[in-house]
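Each remark here refers to the structure printed beneath this line.
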Amino acid sequence: MASPSPAPRRSRGRPRTPGAEARILEAALEEYGERGWAGFTIDAVARRAGVGKSTVYLRWRDKDSLLVDAVELRAAGIEDVDTGSLRGDLEALATNLFRHYLDPAGWATVRMIVDAAGAPSSLGSFTERVARHHTDAVLPILRRAVDRGEVPADLPAATLVLCLYGAVTMNRLLLPGGGTAAGEPDLQAQVASIVDFVLAGAGAT
């Protein structure tokens, strides 16, 4: 008597609903941007994405792992700049970052920074990933500037990153309720002012 054929194995680790992963990641950032860590739940993300909660858990084991992937999704490409000069790279980077923060999903990154700063203990690895992603991505920009002789080799890279990102983040936090910039000229003026300050502190022109 022939043994019954084994049942086909169900693939694991990915949502089965077509297009669900991208919708879930976007929904996670939008949900966090509106509610912050305290109000962030897998149930709410699933409802916003139009999927069942089990679909989310097929791919992500908890809120932290979901937010890590969501941050990676939206942060990708922000630092992909190479204009041939340090000033041009920093201006392009600051512009990309500012536009990212003006996006409803990008605003979630700002809330993560604020929530992490005010929490008595670590909220999860997603907050560390935000900082590490930006620091790691900016280092090639600074290495190219050193190679071109624009800045000294002993430039305090970490301080420069903090100055640039801190200034852009504070500008975003100080925008009025709607969180929209006055327009492209205003955005570029703010970016130029930030980069001038950062370069002066770095001893570059």
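Here's a check for you: in segment 136-157, which residue that is touching a residue at least 12 places away in the same chain (Cβ under 8 Å), assigned to a helix (DSSP H, G or I) and open to solvent by 50 Å² or more (accessible area, probe 1.4 Å) is nearest to Tyr101 (Cα to Cα)?
Selected residue: Leu139.
Does segment 1-23 include one or more residues that are among the hydrophobic types (A, V, I, L, M, F, W, C), surrounded by 10 or more Cβ atoms within 10 Å (Cβ to Cβ) and modelled with pLDDT of 95 or more?
No, the conditions are met nowhere in segment 1-23.
Inside segment 50-85, can you point out the residues that are more than 30 Å from Arg148 (Cα to Cα), more than 19 Å from the chain's Cα centre (by Cα), open to solvent by less than 50 Å² (accessible area, probe 1.4 Å) and among the hydroxyl-bearing types (Ser, Thr, Tyr)?
Thr55
Return yes when Arg47 is of a type in the set (Lys, Arg), more than 30 Å from Leu164 (Cα to Cα), at pLDDT below 90 and surrounded by fewer than 18 Cβ atoms within 10 Å (Cβ to Cβ) and no when it is not.
For Arg47, the condition - of a type in the set (Lys, Arg), more than 30 Å from Leu164 (Cα to Cα), at pLDDT below 90 and surrounded by fewer than 18 Cβ atoms within 10 Å (Cβ to Cβ) - is not met.
Mind checking which residues of segment 83-102 are outside any helix (DSSP H, G or I) and touching a residue at least 24 places away in the same chain (Cβ under 8 Å)?
Ser85
Considering only segment 60-82, state which residues are under 16 Å from Ala105 (Cα atoms), assigned to a loop (DSSP other than H, G, I, E, B) and in contact (Cβ under 8 Å) with a residue 40 or more places away in the chain.
Listed by number, the list holds a single entry, Ile78.
Scan segment 153-188 residue by residue and report those that are of a type in the set (S, T, N, Q) and modelled with pLDDT of 85 or more.
Thr159, Thr169, Asn171, Gln188 - these are the residues of segment 153-188 that are of a type in the set (S, T, N, Q) and modelled with pLDDT of 85 or more.
Among the residues in segment 158-174, are any open to solvent by 60 Å² or more (accessible area, probe 1.4 Å) and basic (Lys, Arg)?
No, because not a single residue in segment 158-174 is open to solvent by 60 Å² or more (accessible area, probe 1.4 Å) and basic (Lys, Arg).
The values are calculated or read from the model by the stated rules, or taken from the named source; none is laboratory data. Here the structure is a predicted model, which is why all the values come from computation and not from measurement. Ideal geometry is used to build each Cβ from the backbone, glycine not excepted, and the neighbour counts take in all protein chains shown. Only protein heavy atoms, including side chains, enter the accessible area calculation; ligands, DNA and RNA are left aside. Shrake-Rupley method; radii C 1.70, N 1.55, O 1.52, S 1.80 Å.
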